[in-house]
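Notes to accompany the following structure.
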Amino acid sequence: MSNDLTDQLRVQARALGFDAVGICGVEAIAGIAARLDAFLDAGWHGSMDWLATHRDRRADPRVLWREARSVIMLGMNYGPDADPRANLGKRKQGAISVYAQGDDYHELIKPRLKTLARWLIAQAGGDVKVFVDTAPVMEKPLAQAAGLGWQGKHSNLVSREFGSWLFLGAIFSTLELPHDTPEVDHCGSCRACLDACPTDAFVAPYRLDARRCISYLTIENKGPIPRQFRKAIGNRIYGCDDCLAVCPWNKFAAAGREAKLAARATLRAPPLAELARLDDAAFRALFAKSPIKRIGRDRFVRNVLIAIGNSGDAGLAVEAERLLRDDNPLVRGAAVWALAQLLAPEPFDALAAQWLVDERDEGVRDEWRASAPLLGRWVSQ
């Protein structure tokens, strides 16, 4: 297949809004299986069982689709226009991961991948399949094999041109296309991302225990957030950007050019008090077209209550106290913890006397009991 076709492919991709394009063979990540097995066997994927499902397909594109011969990897820059860590000091407001402050990238990128794939078929024939984080495809190793960047010590892709801020998509093709040169690791001795992690989620460079990661805890985790991590979460209510934001390669990055991925004004630093008042309908309205909508109102309000507990603002206790009446025990349990952080012992004891006896959910009762050693009462309840 001629280089003219791939040159035209790059032009078409950039016209569709993609900022990086590279091509590799389907065999390019054949050696990744051992790393994937080690990650899964250690249990570092937590409750993300879908990572273990069809691990053979995930580790080798040839198993996923035997007819595929080439993988076209595409990246779209979503670089922020300000340091996302600046929001961490605004304790009465929530910090949302950069990628979730705009529209859902899945819904934006997939139609453009399909458009590009149709163009390729029209030009050269063959068959294609497109993927955006919705199938057992290891996009980051494939992106490195295609020359878009390398997997840094934080396990995310790093680009010399775009830093840590690339959304990835893939087109599998039955065509034999010329391959790009794989990117090499440029992390060197730097460990800024490892040292920045608030919960020490990195077992070692390039090895992440997702069960300790704030992004996992606030997004993938469906139950109560483990108590040992709650203080470290601070005001992060959806995801965490710390390991990405500190990467020195970001000094070469520019703000993303796609308007639909730009941060909505309402999500840059939303007041925690307003978020705590969201019912299901208001949650769905606020996060229409947002990736945040997929975790649902209850898990989101759980996160908001953890941030309220970390705010140090006793004025927010009224929001947590109101949520002691919430229908969902996940929310009620988080409200108990938030109140234990904000109230003096006497007011908290009064609430315990009022609520603990009537609480029927054992998990919420455990939250009340867990606060008792701090306050010296209700130990035997």
State whether the residues of region 116-133 include one that is of a type in the set (Asp, Glu) and in contact with a Pro (Cβ under 9 Å, 6 or more places away or on another chain). no
From the residues in region 143-166 that are outside any loop (DSSP other than H, G, I, E, B) and over 19 Å from the mean Cα position of the chain (by Cα), which one is surrounded by the most Cβ atoms within 10 Å (Cβ to Cβ)? 145
Filter region 167-186 for residues that are in a loop (DSSP other than H, G, I, E, B) and hydroxyl-bearing (Ser, Thr, Tyr); the one that is surrounded by the most Cβ atoms within 10 Å (Cβ to Cβ) is 174
Test: residue 140 is touching a Pro at 6+ places or on another chain (Cβ under 8 Å) and either closer than 24 Å to residue 49 by Cα or not assigned by TED's automatic domain parsing to the domain that holds residue 55 (or both): no
Return the pairs, sorted by first residue and then second, in which the second residue is crowded, with 20+ Cβ neighbours inside 10 Å and aromatic (Phe, Trp, Tyr), the first residue lies in region 256-278 and is not assigned by TED's automatic domain parsing to the domain that holds residue 328 and assigned to a helix (DSSP H, G or I), the beta carbons are less than 6 Å apart, and the residues are 6+ apart or on different chains. 261/78
Can you tell me which residue among 176, 220 is over 23 Å from residue 39 (Cβ atoms) and out of contact with any helix residue (DSSP H, G or I) (no Cβ under 6 Å at 6 or more places or on another chain)? 176
Test result for residue 126, assigned to a loop (DSSP other than H, G, I, E, B) and at pLDDT 95 or above: yes
Within the set of pairs 6+ apart or on separate chains, which have a first residue in region 57-82 that is farther than 30 Å from residue 102 by Cβ, a second that is part of a loop (DSSP other than H, G, I, E, B) and hydroxyl-bearing (Ser, Thr, Tyr), and C-beta atoms under 9 Å apart? 65/174; 67/174; 68/174; 69/174; 70/174
Restricting region 188-232 to residues that are of a type in the set (Lys, Arg) and over 28 Å from residue 338 (Cβ atoms), the one surrounded by the fewest Cβ atoms within 10 Å (Cβ to Cβ) turns out to be 191
Subset of region 192-212 [part of a helix (DSSP H, G or I), over 17 Å from the mean Cα position of the chain (by Cα) and either under 16 Å from residue 48 (Cβ atoms) or not hydrophobic (A, V, I, L, M, F, W, C) (or both)]: 195
Kindly provide the set of residues from region 213-241 that are under 18 Å from residue 89 (Cα atoms), in a helix (DSSP H, G or I) and touching a Gly at 6+ places or on another chain (Cβ under 6 Å), ordered by number. none
Conditions (1) farther than 30 Å from residue 262 by Cβ; (2) assigned to a loop (DSSP other than H, G, I, E, B); (3) touching a Lys or Arg at 6+ places or on another chain (Cβ under 9 Å); number of the one not met by residue 324: (2)
Being in contact with a helix residue (DSSP H, G or I) (Cβ under 8 Å, 6 or more places away or on another chain) and either modelled with pLDDT of 95 or more or under 21 Å from residue 331 (Cα atoms) (or both) is true for just one of 243, 213. Which residue is that? 243
Those residues of region 37-87 which are of a type in the set (A, V, I, L, M) and touching a Lys or Arg at 6+ places or on another chain (Cβ under 6 Å) amount to 63, 64
Could you name every one of the helices (runs of 4 or more DSSP H) located completely within region 3-108 that has at least 3 residues being closer than 21 Å to residue 137 by Cα and under 25 Å from the mean Cα position of the chain (by Cα)? 33-41, 55-59
Cβ-Cβ below 7 Å, separation at least six or inter-chain, first residue in region 280-302 and farther than 17 Å from residue 220 by Cβ and crowded, with 19+ Cβ neighbours inside 10 Å, second modelled with pLDDT under 95 and acidic (Asp, Glu): which pairs? none
Is there a residue in region 159-179 that is over 11 Å from residue 24 (Cα atoms), out of contact with any His (no Cβ under 7 Å at 6 or more places or on another chain) and of a type in the set (Asp, Glu)? yes
Consider residue 189 carefully, then state whether it is of a type in the set (S, T, N, Q), touching a strand residue (DSSP E or B) at 6+ places or on another chain (Cβ under 8 Å) and part of a loop (DSSP other than H, G, I, E, B). no
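The values are calculated or read from the model by the stated rules, or taken from the named source; none is laboratory data. All figures in this text were calculated on a predicted structure; none of them were measured in a lab. Please note: Cβ atoms are built from the backbone with ideal geometry, for glycine as well, and neighbour counts cover all protein chains shown.
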